[in-house]
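The values are calculated or read from the model by the stated rules, or taken from the named source; none is laboratory data. Computed from a predicted structure; not experimentally measured. Using ideal geometry, Cβ is built from the backbone for each residue, glycine included, and neighbour counts are taken over all protein chains shown.
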Amino acid sequence: MFALVDANSFYASCETVFRPDLAGRPIVVLSNNDGCIVAANKRAKAFGNIMYQPYFQLAKMLEQKGTAVFSSNYELYGDLSHRMHTLLSQFAIEQEVYSIDECFLNFTGMQHWNFTHYGQSIKQSVMKQLGLPVAVGIGSSKTLAKAANNIAKQLPELEGVLCLSDLSPAGQNQMLAGLNVADIWGVGQRWSKRLNAIGIETALDLKQTPIKKIRKQFSVVLERTVHELNGIPCQSLQLVIPNKQQIISSRAFNKTIRDYKNMQQAVARYIARAAEKLRQQNGVCKQISVNIMTNPFQSTAQYNNWASTSLIYPSNHTGHLIERGKHCLKRIWKEGYEYKKALVILSDISEPGIMQYDLFADKARYSNNKKTDSLMQVIDKINSRMGKGTCRLAAEGNNSKSSWPMQRHRQSSRYTTCWKELPVAYLK
Ligand SMILES: [Mg+2]
């Protein structure tokens, strides 16, 4: 048996944890630089098609309807996510963290438990200890657990918990008949259109389609989904998170950049951020790419270009990577444009220690030797304790209020990760 626990409108729910006064109000959360709407609670979603729409177009309407609008507060969401997953890990022998706000739990060996009841206690614990609303779906495969979660969110009478196995076969089918085939895990838009064309509209339709037909017309992956809908598990929990093959660091600037020095600093800072992530997954990279672009939505002169370069020896040292990144920037830089965005990609990632030295290898400089490794470790430690960018390379600039930090005018406090922003319980 598997459970899928998923938070309801996670970002919007995080905003309410320390703001009980927001109860009952519509809430939306904006993307970086307050560009688009990336999250909304149920009340805000009821205004119609607002997800991923530019904020400035809807700002007036949202204000008129009393909506609370927030800039993304990734520190808060990340910390609450970590707390939620830690709490949920105590409810099963195995846990797969699937995304920032959802995880699978493995209930193997618990056959005699009352799962609907257990699901309710999971839901209540998360609400009581973290103030976050979640839904719990339980089934005999991961696909069924996902489907059950989806249905539990749609039908208020289920009170956020559905265990399909606790229903009769007819009852299970009735539930699956109410679920759109496009909403099944792994089906998506691409397949749902083709499935609709041959008369498969709901999860129940797909469940009852002969396997042979699916194999012939679609793929093995969809065949697996059909098995899973029939309660035959084809996938176990992924307990080890695969490392990223590519690390991207990118952001639009608050103000456009016109001079080379500012751009160099911006690129250096993105590289530093990416290098930190690379070290977190204990990887080294061999390839670095830099992209700069003007704002395509403006009528000013347009320019957009890329450059990539290989490192002779794979590295995760911020200094080495910035040096190569600067080299890339030099090749693509053109004066006279108003740049709006820069992007950095670290790729060809491998584990440290797997490399071929050559006769002329300057190990001290390019390989990951003890001295540079421990320097990076110390920098990472300082920054994780004292805040991002506290300790940085001179190339990143010494002005913490440079012209290109993110625009986040409506950010809530970092209640759980910053001493200065702890919630105030009583103010005289
Ligand atoms: Mg969610």
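Filter segment 44-60 down to the residues that are aliphatic (A, V, I, L, M) and either assigned by TED's automatic domain parsing to the domain that holds Q124 or in a helix (DSSP H, G or I) (or both), then identify the one that is farthest from the ligand (Cβ to nearest atom). If you could, list the steps in order and put the result at the bottom.
The first filter runs over segment 44-60 and keeps only residues aliphatic (A, V, I, L, M), leaving 44, 46, 50-51, 58-59.
Subset that is either assigned by TED's automatic domain parsing to the domain that holds Q124 or in a helix (DSSP H, G or I) (or both): 44, 58-59.
Details: A44: 15, L58: 22, A59: 25 Å.
Step by step, filter segment 44-60, then rank; the result is A59.
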* Asked: Of these, K128, K153, which one is in the same structural domain as R83 (by TED's automatic domain parsing), basic (K, R) and touching a residue at least 40 places away in the same chain (Cβ under 8 Å)?
  -> K153
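Looking only at segment 241-275, which residues are hydroxyl-bearing (S, T, Y) and either surrounded by fewer than 18 Cβ atoms within 10 Å (Cβ to Cβ) or over 16 Å from the mean Cα position of the chain (by Cα) (or both)? Break it down stepwise before answering.
As a first pass, look at segment 241-275 and keep what is hydroxyl-bearing (S, T, Y): 249-250, 256, 260, 270.
Answer for segment 241-275, where residues must be hydroxyl-bearing (S, T, Y) and either surrounded by fewer than 18 Cβ atoms within 10 Å (Cβ to Cβ) or over 16 Å from the mean Cα position of the chain (by Cα) (or both): S250, T256, Y260, Y270.
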* Do you know which of the residues in segment 98-119 that are more than 12 Å from the ligand (Cβ to nearest atom) and under 16 Å from A7 (Cβ atoms) is surrounded by the most Cβ atoms within 10 Å (Cβ to Cβ)? -> G119
* What about K142, is it basic (K, R) and surrounded by fewer than 16 Cβ atoms within 10 Å (Cβ to Cβ)? -> no
* Structure fact -> Taking segment 1-43 and keeping residues within 14 Å of the ligand (Cβ to nearest atom), touching a Pro at 6+ places or on another chain (Cβ under 8 Å) and more than 26 Å from I138 (Cβ to Cβ) leaves A40
* To do: Would you tally the residues in segment 291-304 being touching a residue at least 24 places away in the same chain (Cβ under 8 Å), surrounded by 13 or more Cβ atoms within 10 Å (Cβ to Cβ) and more than 18 Å from N254 (Cβ to Cβ)?
  => 2
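For the condition modelled with pLDDT of 95 or more and either more than 16 Å from E228 (Cβ to Cβ) or out of contact with any Pro (no Cβ under 6 Å at 6 or more places or on another chain) (or both), what is the one hit in I151, I211? Talk me through it step by step, then tell me what you get.
Working: I211 fails: modelled with pLDDT of 95 or more.
Within the list I151, I211, the selection yields I151.
Any idea which of E159, E94 is acidic (D, E), modelled with pLDDT under 95 and more than 26 Å from S31 (Cβ to Cβ)?
Working: E159 fails: modelled with pLDDT under 95.
Exactly one residue qualifies, and that residue is E94.
Is one or more of the residues making up segment 378-388 surrounded by 19 or more Cβ atoms within 10 Å (Cβ to Cβ), modelled with pLDDT of 75 or more and in contact with a Ser or Thr (Cβ under 8 Å, 6 or more places away or on another chain)?
Kept after step one, since they are surrounded by 19 or more Cβ atoms within 10 Å (Cβ to Cβ), are these residues of segment 378-388: 379.
Subsequent filtering for residues that are modelled with pLDDT of 75 or more retains 379.
Going one step further and asking which of them are in contact with a Ser or Thr (Cβ under 8 Å, 6 or more places away or on another chain), we end up with 379.
Looking through segment 378-388, at least one residue is surrounded by 19 or more Cβ atoms within 10 Å (Cβ to Cβ), modelled with pLDDT of 75 or more and in contact with a Ser or Thr (Cβ under 8 Å, 6 or more places away or on another chain).
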